[in-house]
């Protein structure tokens, strides 16, 4: 099935002011193959593909697409003309337009040379979706679609241009497990039936195994190796990525005390659209215990966490912290009572991208005497030293603590958030998606840190979309479905297959 | 209002320019932009049949040549600097104060009323009381849109622009009506004040208020760059949601940013009244705040940069009118130069990007050659 090279990178280097993002990469992508590009955060996967798509110019080296070398004026328009389409992590869609309008954007069909031919494009999009097994309703407004469907529109947008090479940058980060399976099935179909080339950028190894014919592993900007998927397994790939063996064994469970620290009773809250998102949750977390909240994303997890933190008004119920009702307190007061919080959306809630690494790490401690003199002035030197120490302790790799946060890779940003929140030494931790968009090496590290916290007697509420993570860390598991708890289990008494019934509300009816 | 078209244009400029750090690279490109702007200005002069060298000499002489001219330039610098810092401190906390003119008018009026009533008190008491009144009036008038923004999510740009007109016309009504002076020969103004800042250079606009302005600028610089509150403001300004979640009182800081901004504007109004006009007059400001906003945005709300750029803009403004007289060229040319500088600033990001990409390519090639 796979044939001659369709895209060739020879000795490609990309240098950014502070880093070498790609270092002498030589790689052939073959026609009609499913190729996976894996590596840790900041390993240079996305950069390399951005070169192909014309978003980044190579500082050195040569790239040819379908036998044609790219020029110094290569840009996405030219890339598309040469047959390369790319679907980014962050969608580039116009929310107010319909599906069809988005797909046709830039190549709108016309009637009598002037008028936008809406009928024609609607029919085209409908046919396109059918042909590739990605059905959409052309007249839906994109802003009202789920993330999974928006991604489908992105893919169709590329396919509509008639591309031969389709690049997807971490497409599953926003999808539920079922949606992921669907997506890969469709992609395999495209490769098999339409003789297209699909390149998948990811750091999830099971996706690589499920999807690809060949894998390229990137490490610190270099191509560490290319292997045929059938000749390798997840363990070996992980070792190639990280440079050492990564062992995801079952981790020991803790010894929870009987002391109840966090108690939720009948907690209710609305989502951003004003619809009920949390519909009466009763839950307790004891000191030295990790309670894992399982659920498909969008079932009220984020609202639940924000509600506990005082970021979202409660519409009913109470939150009790060590016996005190904190339901109406502000985030500042709740933090003052000993709660730390790792939000799921680091760029929106967890940090300030424009502020420096030091400033981000200082938030919450700026009024301590260690960092403030005369009651008004910031002790900058102390703060810088502190940020350096914290960076070292949590392995946050930055070009310097005085650089803006946005210069860090996603995984390092997440580690910086965790470093700050864990350094408060609070008795309660609310953790939402600690390892989203984080690579294997860092996941292992973050898990260890969470377990250290439990050993120190922390009461931890852990929300994750990753079942493996929850099963590995939690003492107790609860399932959240449409804002209600549908099950509670001690870890070890239930399997992953079975718990997913509860996550999708399947057993709820049966129990009732 | 003097420049009704400006706020929208400035707002647009703010959209183009993300808040960024002031770096050596940025200063370099600023220098390039200024040079290019002067060259373009020279081209326009040539087109109009003037000798650019003669014109520019007249400009710098007119701004810096004589003590009197230098005094005027310094006085202008102080005004630009205070208004620029007013814009900066609000922007730092993530709130956009376009209502500086209104706050300036109320500050000036409050100062004039206090100054005219305290007849017989020692000069320093009068000045101190007027200062307090001006700062309070300006701050209070800024507090309203601040609270509306934070509590009711009313866009502060809209409210502050509207409140400008409200303030200017209300003050104008007072100065023409209830507070109109009985003195002859004054068509629309309040009673003259009982004490004022003494001029520092004869016949120039430079007066004792420059020291007040200096102290205020220093305080704001300290607050923005050295203090814990400034740090909290930066976090709030760059991501209010994160600030709130991190335990910072973001709402309160935003209101404070607005109030401090209004206080500075009130102070400017007071210095105009006490330094130059000796009474409140209905056209107290010729769009001073909008000039300050411009300076603040070009310097990306960095206090030190604002102070330096204020001086540069003062030279252009004062020298521009001198040039008009001595070289016979219209001072509109200077407005063109100013506009061109802003234009180049807006393109600065792109210029720098292509420059650093070029530098990186060169470096890698050199390394590869070794």
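Laboratory data are not the source of any read-out in this text; all were calculated from the coordinates shown. Quantities reported herein were computed from a predicted structural model and do not represent experimental measurements. For neighbour counting, all protein chains shown are included, and Cβ atoms are generated from backbone atoms with ideal geometry for every residue, glycine included.
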What three numbers, in Å, describe the spread of the alpha carbons of segment A:351-424 along their principal axes, ordered from the longest? 37, 22, 17
Using just the C-alpha positions of segment A:5-242 as equal point scatterers, what log10 of I(q)/I(0) does the Debye formula give at each q in 0.08, 0.14 1/Å? -0.30, -0.91
How many Cβ atoms of partner chains, on average, are near each residue of A:352-363 if near means within 10 Å of its Cβ? 5
Bridge type composition, segment A:344-495 - antiparallel percent by DSSP, nearest 5: 65
Of all DSSP beta bridges having both residues in chain A, the percent classed as antiparallel (nearest 5) is 55
For the protein assembly as shown, Rg(Cα) over 2.2 N^0.38 Å is 1.10
Hey, got the average number of other protein chain Cβ atoms within 10 angstrom for residues in B:232-244? 6
Calculate, in whole percent, how much of the Cα-Cα pair population of segment B:208-309 lies beyond 16 Å. 65
Where only alpha carbons of segment B:44-194 are counted, the Rg and the Dmax (Å): 20.1, 59
So what's the convex hull volume per residue for the Cα atoms of segment A:228-369, in Å³? 217
Ranked highest first by average number of other Cβ atoms within 10 Å, how do A:118-130, A:369-381 line up? A:118-130, A:369-381
Looking at segment A:158-306, send over the antiparallel percent of its DSSP beta bridges, to the nearest 5. 75
Would you mind computing Rg(Cα) / (2.2 N^0.38 Å) for segment A:1-146, counting N as its residues? 1.25
What is the gain in length, in nm to one decimal, between residue A:395 and residue A:66 on full extension, counting 0.36 nm per residue of separation less the C-alpha to C-alpha distance? 114.3 nm
Quotient of Cα Rg and 2.2 N^0.38 Å for chain B, N being how many residues it contains: 1.05
Among B:136-147, A:304-315, the order from most to least packed when residues are scored by Cβ within 10 Å on average: B:136-147, A:304-315
Summing -39500 (n - 2.57) over every DSSP H run of at least 4 residues in the protein assembly as shown and dividing by its residue count gives a helix-only mean residue ellipticity at 222 nm, to the nearest 500 deg cm²/dmol, of -16000 deg cm²/dmol
Expressed in angstrom, Rg and Dmax over the Cα atoms of chain A are 24.5, 77
For segment B:37-96, one quarter of the surface area of the C-alpha convex hull, expressed in nm², comes to 5.8
